[in-house]
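Worksheet: one structure, shown below.
The values are calculated or read from the model by the stated rules, or taken from the named source; none is laboratory data. Since the structure is predicted, the reported quantities are computational estimates derived from the model, not experimental observations. Here Cβ is always computed from backbone atoms with ideal geometry, including for glycine, and neighbour counts include all displayed protein chains. We work out accessible area using only protein heavy atoms, side chains counted, and drop any ligands, DNA or RNA first. Shrake-Rupley method; radii C 1.70, N 1.55, O 1.52, S 1.80 Å.
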Amino acid sequence: MNTNTKTSSPVVLVPGLWLGGWAWDAVAEHLSRRGVPAAAVTLPGLESPTARRDGIGLVDHVSALVGAIHDAGSPVVLVAHSGAGVLATAVLDQAPETVRRVVYVDSGPVADGTVARPDLGPETTEVPLPSWAQLEAAGASLDGLDEHALRRFRDRAVPHPAGPLREPVSLHDPARNQVPATVVCCSFPSAAIREMVTAPGMFAPSADLTDLEYLDLPTGHWPMWSAPEALADIIAATARR
């Protein structure tokens with residue numbers, strides 16, 4: 001029985017590419033034990049290998065996330081892993097009042113006009129999970145994942161819809177930058193991230209956030225599997241503020 005009576009904001013967990021809500025199972029279980037209500041999102045096209053992925057666009061993923069936040073009972077703590085930082089930014093731009101704090105897990109906000117995969121042509125409908133070597137070459141550390149975790153990842157991963165990856169993010173409301181934010185630093189330490197924020201590049205939009213904290217969780221790019229309890233502790237503490 002959970003004896004923690006401190007009120008927690010609802011948490012919405014958004015996985016990165018190739019993953020459904022199942023990726024958060026261990027974290028969600030730890031949050032439940034801590035009395036923190038959490039809902040994990042499976043985005044359109046990522047329900048199963050046989051799900052339809054053609055015709056799905058960025059607006060569909062953003063709309064699905066807005067719906068999940070509404071169902072959870074906003075304002076929520078929005079937790080976005082990896083590529084889901086794009087969706088979190090879009091939601092904050094569209095409805096900043098629905099999010100009390102955003103937690104970027106090995107991720108961060110993006111700039112207006114950002115395209116995740118500009119190399120994808122209109123004929124591409126889906127993007128399969130790359131090889132481990134390709135992921136590591138792209139900077140996604142596999143640290144902390146044993147053979148069982150890697151096999152589960154490969155077996156359960158679903159090709160990601162190409163539409164949301166090749167469409168630009170359109171941002172309009174600077175109020176998104178006023179939503180408090182936490183960046184959980186896994187693949188790179190916070191000291192390195194702070195330096196990258198001051199230079200042009202993918203981390204630069206973080207410089208516009210008015211309330212930003214960095215927390216180190218030294219592990220690989222998928223801490224929901226390599227350090228689920230530690231990640232749940234960070235999320236729970238955030239939800240109880």
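Remarks
- Residues listed by number, region 116-159, amide nitrogen under 16 Å from R52 label point at 7 Å toward C-beta: 125-126
- Sorted from greatest to least, the principal axis extents spanned by the alpha carbons of the chain come out as 52, 43, 36 Å.
- A 1.4 Å probe over all protein chains sorts H70, H30, H61 by accessible area into H70, H30, H61, starting with the largest.
- Shown for the chain: the carbon plus sulfur share of the solvent-accessible area, taken with all protein chains present and a 1.4 angstrom probe, equals 53%.
- Using a cutoff of 8 angstrom between alpha carbon atoms and counting only pairs six or more residues apart, the relative contact order for region 149-241 works out to 27 percent.
- Region 68-127 - accessible surface per residue (Å², probe 1.4 Å): 37 Å²
- Using only side-chain charges placed at the Cβ, +1 for Lys and Arg and -1 for Asp and Glu, the dipole size of region 155-221 relative to its Cα centre rounds to 180 debye.
- Sequence-separation-based contact order of the chain, relative, with Cα cut under 8 Å and 6+ spacing, percent: 26 percent
- Protein-only accessible surface order, largest first, of F203, F153 at 1.4 Å: F203, F153
- Ligands, DNA and RNA aside, I193 has an accessible area near 10 Å² when probed at 1.4 Å.
- As a calculated quantity, the FRET efficiency between E229 and T198 at R0 = 41 Å, using C-beta atoms, amounts to about 0.80.
- Using the Cβ of P109 as centre and a radius below 12 Å, the other residues enclosed give a net charge of -2, where K and R count +1 and D and E count -1.
- Extending 7 Å from the Cα toward the beta-carbon at both T210 and H70 defines two label points whose distance is 2.7 nm.
- Dividing the helix sum by the residues of the chain, where each DSSP H run of 4 or more adds -39500 (n - 2.57), gives a mean residue ellipticity at 222 nm of -9000 deg cm²/dmol.
- Listed residues M202, A138, L46: farthest to the positive end of the dipole of the chain (Cβ charges): L46
- Stretching D60 away from A133 to a fully extended chain increases their span by 23.2 nm, per 0.36 nm per residue minus the current alpha-carbon distance.
- Surface listing: V110, V115, V79 arranged by accessible area from highest to lowest gives V115, V110, V79, probe 1.4 Å.
- Summary of packing: across the peptides 11-21, 167-177, the per-residue average of other C-beta atoms within 10 Å ranks them, highest first, as 11-21, 167-177.
- Sequence-distant contacts, meaning Cα pairs under 8 Å at least 6 residues apart, place the relative contact order of region 1-117 at 27 percent.
- Comparing Cα centroids, region 93-137 and region 61-89 end up 13 angstrom apart.
- Between region 160-211 and region 1-60, the Cα center-to-center distance that results, in Å: 21 Å
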